[in-house]
Amino acid sequence: MMRILPAGIILCFSLALPCHAVLPLIVNTWPFRDATATAWKTLSSGGSVLDAVEKGCSQCEIDQCDGSVGYGGSPDETGETTLDAMIMNGDTMEVGAVGDLRRIKNAIGVARAVMERTKHTFLVGESASVFAENMGFTTEDLTTNTSFSIFTKWLQENCQPNYRQNVSPDPSKSCGPYKPHALPQQRRRHQLIDIHAHDTIGMVVIDQAGHVAAGTSTNGARHKVPGRVGDSPIAGAGAYADSTAGGAAATGNGDVMMRFLPSYLAVELMRGGADPSVACKTAITRIKRHFPGFFGAVICANTTGSYGAACNKVPGFSQFPYMVFNQKSNVPIQETVDCI
Ligand code: SD4
């Protein structure tokens, strides 16, 4: 049994209930502390859960968190940085998303504009940039000295690694241009994303009344094929929110993870009563069954304020750090989960 106090603190009378069950709650992927703090500040100064997700993820876009969020990171095969982002309202089940967004820094802001200023859900590429510009977002070059030098180094190294397969010339040796060749009998299953070239921000915010929002922002995969959109802007893959159950968000190899809708699965499991840690683990296990070497992690939170995370253990990645902020901690706290 549990009782919700006016301050939003949930007392755990049952030992079965995790004692960190406190609302409001912010959970986000990776140790992106400033993003967590910004989301909390937004919420505590009267902002909605959507405002908190938007501002929190925008903070990472400004800070270029780990070089994997926002401008100046993950140049594609042509050297351009393109952005993916989404935001979801767990009360109304509305979603706004952008993929392959060019020349606009505030991708999650544009995602929110898609949600609020169109009847669509997902805009991509050049057209998304035109939409953003029309909505008043500034157009600017997303290239920085850092992204340019990552790109030139990659060119000097014969475009290695890259995401091409079943083409000639041999993509493990060359920069193309590529032409398709006959598919082999046995398809190889790749570990596509370099675990050191990643780190999407995925955030779940739940307020005292149990309203849930979730969102993501990323510059995707380094050296991606132009036009590639990852899991992060896809509802149910990158993030999912439902105020009758909870929220979840994912990070990692989006090319693989998007096929399993791990955020949707985790929320559905929580709806069925699964503890957030168990829900996250199950979402990871489902992918692992087919792609044991995939790199990825999921964060989960339910509407009682319980939360958890899970990740897939691969060489060089055995623990996953994530951020938590609730009434109890009153500061952003970094937590770590052992990968399975
Ligand atoms: C993508 N999921 O575009 C993102 C990248 C990422 O940790 O999260 N890496 O595939």
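Coordinate-derived values only; no laboratory data. Not measured: the values here are computed from a predicted model. Cβ placement follows ideal geometry from the backbone for every residue including glycine, while neighbour counts extend to all protein chains displayed.
Axis of helix 262-271 versus longest Cα principal axis of the chain: the two differ by about 20°, to the nearest ten degrees. Multiplying the residue separation of Arg271 and Asn158 by 0.36 nm and removing their Cα-Cα distance gives an extension gain of 35.8 nm. Pairwise Cα distances in the chain exceed 32 Å in 26 percent of cases. Springs between Cα atoms under 10 Å define the GNM used for the chain, and in it the highest mean-square fluctuation of Ile26, Ile62, Ile299 occurs at Ile62. Taking the charge dipole of the chain about its Cα centre, with +1 at Lys and Arg Cβ atoms and -1 at Asp and Glu Cβ atoms, the residue from Ala283, Val212, Leu23 reaching farthest to the positive side is Ala283. Overall, the range 205-340 carries a charge dipole of about 440 debye about its Cα centre when +1 sits on the Cβ of Lys and Arg and -1 on the Cβ of Asp and Glu, all other atoms neutral. 3J(HN,Hα) couplings calculated from phi for the range 327-340 with the Karplus curve 6.51 cos²θ - 1.76 cosθ + 1.60 (θ = phi - 60°) are, in sequence order, 4, 5, 7, 6, 9, x, 10, 8, 10, 9, 10, 6, 6, 10 Hz; Gly and Pro show x. Projecting the Cα atoms of Thr304, Met257, Asn326 onto the charge dipole of the range 229-340, computed from C-beta unit charges around the Cα centre, puts Met257 farthest toward the positive end. Each Lys and Arg adds +1 at its Cβ and each Asp and Glu adds -1 at its Cβ; summed about the Cα centre, the chain shows a dipole of about 920 debye. Taking 0.36 nm per residue of separation and subtracting the Cα-Cα distance, full extension of the segment from Ser44 to Gln185 would add 45.1 nm.
Between the residues Phe317, Gly73, Ser243, the greatest Cα displacement towards the positive end of the dipole of the chain, with unit charges on the Cβ of Lys, Arg, Asp and Glu, is found for Phe317.
Largest GNM mean-square fluctuation among Gly79, Gly99, Gly227, using the chain with Cα springs under 10 Å: Gly227.
Measuring r between the beta carbons of Asn134 and Gln165 and using R0 = 45 Å, the FRET efficiency lands at 0.75.
A prolate overall shape is assigned to the range 243-291, the ratio a/c of its alpha-carbon gyration tensor axes (a ≥ b ≥ c) being 1.5 or greater and a/b exceeding b/c.
Label positions at Asp63 and Asp34, each projected 7 Å from the Cα along the C-beta direction, are separated by 0.6 nm. Across the chain, the longest run free of exposed loop sites, meaning GluC sites (Glu not before Pro) lying outside DSSP classes H, G, I, E and B with no more than 10 other Cβ atoms within 10 Å, spans 158-340. Here the dipole of the range 30-178 is about 80 debye; that uses its Cα centre as origin and unit charges on the Cβ of Lys and Arg (positive) and Asp and Glu (negative). Please compute the net charge surrounding Thr216, taking Lys and Arg as +1 and Asp and Glu as -1 over other residues with Cβ under 9 Å from its Cβ. Charge balance in the 9 Å sphere: -2. All other residues whose Cβ lies under 11 angstrom from that of Thr251 are scored, Lys and Arg at +1 and Asp and Glu at -1, for a net of -3. Return the FRET efficiency for the residue pair Arg117, Thr92: r is the Cβ-Cβ distance, R0 is 22 Å, and the value is rounded to the nearest 0.05. The computed FRET efficiency comes out at 0.90. Tilt of helix 145-156 relative to the longest C-alpha principal axis of the chain, in degrees (0 to 90, nearest 10)? The angle comes out near 40 degrees. Once the C-beta distance of Val331 and Thr144 is scaled by a Förster radius of 25 Å, the resulting FRET efficiency is 0.20 to the nearest 0.05.
Roughly what % antiparallel, to the nearest 5, for the DSSP beta bridges in the chain? Roughly 95 percent of the beta bridges in the chain run antiparallel, per DSSP. Between helix 276-290 and the chain there is an angle of about 30 degrees, using the helix long axis and the longest principal axis of the Cα atoms. Here's the list of lysines a cross-link from Lys55 could span, going by alpha-carbon distance under 26 Å and ignoring same-chain residues fewer than 8 apart: Lys41, Lys105, Lys119, Lys328. Here the Karplus curve 6.51 cos²θ - 1.76 cosθ + 1.60, taken at θ = phi - 60°, turns the phi angles of the range 311-323 into couplings of 8, 9, 6, 9, x, x, 9, 10, 9, 10, x, 9, 10 Hz, with x standing for Gly and Pro.
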